[in-house]
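As structure tokens, the structure follows; a few thoughts come after it.
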């Protein structure tokens, strides 16, 4: 369940953890915080590992907006036919779903279809697929 404001950009080395946790995007990612879209920045790596990649940073991250509508995002693969990959996403607040939907990725064209097309969520879905070895 990455932070809903986290834009994953590149994979991080798993070596920083003695026992790597099961991460929401599969692999750990470095990226940018978009809690304030006008002032995106790259938090320090330990912050990204513990908060950005894992979500639920409300009251633990000084950049997390107090009035944010969500705390984390989850992804699951519903189907992978090779021609398309179907995902479901669930947006959560206080460990309860607030929004959910379906995304379909077409590897041949790189096109995303679905009920949510916000850039951060699509970039997180792409990282989730990359971590699982899907063509993205």
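Listed values, structure above:
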{"item": "Positions within segment 3-27 being in a loop (DSSP other than H, G, I, E, B) and at pLDDT 90 or above, in sequence order", "result": "3, 4, 5"}
{"item": "Filter result (exposed (fewer than 13 other Cβ atoms within 10 Å of the Cβ) and touching a residue at least 24 places away in the same chain (Cβ under 8 Å)) within segment 96-108", "result": "98, 108"}
{"item": "Failed condition for residue 77, given (1) part of a strand (DSSP E or B); (2) touching a residue at least 40 places away in the same chain (Cβ under 8 Å); (3) in contact with a helix residue (DSSP H, G or I) (Cβ under 9 Å, 6 or more places away or on another chain); (4) under 19 Å from residue 7 (Cβ atoms)", "result": "(4)"}
{"item": "Search result, residues across segment 47-66 that are touching a helix residue (DSSP H, G or I) at 6+ places or on another chain (Cβ under 8 Å), touching a residue at least 24 places away in the same chain (Cβ under 8 Å) and either surrounded by fewer than 18 Cβ atoms within 10 Å (Cβ to Cβ) or closer than 18 Å to residue 13 by Cβ (or both)", "result": "49"}
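The values are calculated or read from the model by the stated rules, or taken from the named source; none is laboratory data. The structure presented is a predicted model; accordingly, all values stated were derived computationally and were not measured. Neighbour counts run over all protein chains shown; Cβ positions are idealised from the backbone, glycine included.
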